[in-house]
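The values are calculated or read from the model by the stated rules, or taken from the named source; none is laboratory data. Given the structure is predicted, the values throughout are model-derived calculations rather than measurements. Here the Cβ positions follow ideal geometry from the backbone for every residue, glycine too, while neighbour counts run over all protein chains shown.
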Amino acid sequence: MKLLLKKDISHLGIVGDVVDVKTGYGRNYLLPQNLAVAATDSNMKMLAEDRKKAEERRRLRIEAMQQQAEKIRDVEVTISAAANAEGVLYGSVGPREVASALRDEGHEVDVSCIILSEPIRRVDTVTATVRFTDDIKAEVKVWVVRSQASESEDEERDEDDRYQDNDRYNDNDNDNE
């Protein structure tokens, strides 16, 4: 079914595009939602001006994304997370934490743009990809470090272990008497 788009639809097209879609998708979604109309000459003329405006908006949006990618390129962010003495995180660091760290640095990035091959589960340095579009990408270095709280907790555990060991020795001394 050939339809003329009245609004931009991701992965399908922009205003004024003639798209060939399955009949059910066209009848049950695009037409009832007023996102498309039948591809006739009169409708194409009517949407010609809207298409020019949509192309201009798209061009400006792509330029803004390119500028943002240039600003973000080679940025390094540090994320502190709770970890044990071996450097294994108690949780994991994912795209949400990376996007938050970038926002703290002054870069507005949507969580859906952050691509990690897998969640970070160790204290490590990882390169994350920020994908604005298929063509516009930037690399960001993510440093995951052990948080200060987990270091002090480990010291407290070590002290507790020493005291417990001393108590055990004292208990054994009392048993021998």
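The table that follows gives values for the structure above.
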read-out: Sole exception among (1) at pLDDT below 90; (2) assigned to a helix (DSSP H, G or I); (3) of a type outside the set (Phe, Trp, Tyr) for Gln66, by number; value: (1)
read-out: Residue within region 147-157 that is modelled with pLDDT under 80, of a type in the set (Gly, Ala, Ser), farther than 30 Å from Lys71 by Cα and surrounded by 14 or more Cβ atoms within 10 Å (Cβ to Cβ) present; value: yes
read-out: Number of positions in region 76-103 that are charged (D, E, K, R) and in a loop (DSSP other than H, G, I, E, B); value: 1
read-out: Pair list, Cβ < 6 Å and 6+ apart or interchain, from region 102-125 residues that are without any contact (Cβ under 8 Å) to a residue 40 or more places away in the chain to residues that are assigned to a helix (DSSP H, G or I) and surrounded by fewer than 17 Cβ atoms within 10 Å (Cβ to Cβ); value: Val111/Arg96
read-out: Verdict on Val37 being in contact with a helix residue (DSSP H, G or I) (Cβ under 9 Å, 6 or more places away or on another chain) and more than 26 Å from Asp134 (Cα to Cα); value: yes
read-out: Residues (surrounded by 11 or more Cβ atoms within 10 Å (Cβ to Cβ) and either in the same structural domain as Lys137 (by TED's automatic domain parsing) or free of Cβ contacts under 8 Å to residues at least 40 places away in the same chain (or both)) located in region 49-62; value: Glu49, Arg51, Lys52, Lys53, Arg57, Arg61
read-out: From the options Val140, Val109, Val144, Val130, residue that is buried (at least 17 other Cβ atoms within 10 Å of the Cβ) and closer than 22 Å to Ala85 by Cα; value: Val144
read-out: Hey, Asn28 assigned to a helix (DSSP H, G or I), at negative phi and in contact with a strand residue (DSSP E or B) (Cβ under 6 Å, 6 or more places away or on another chain) or not; value: no
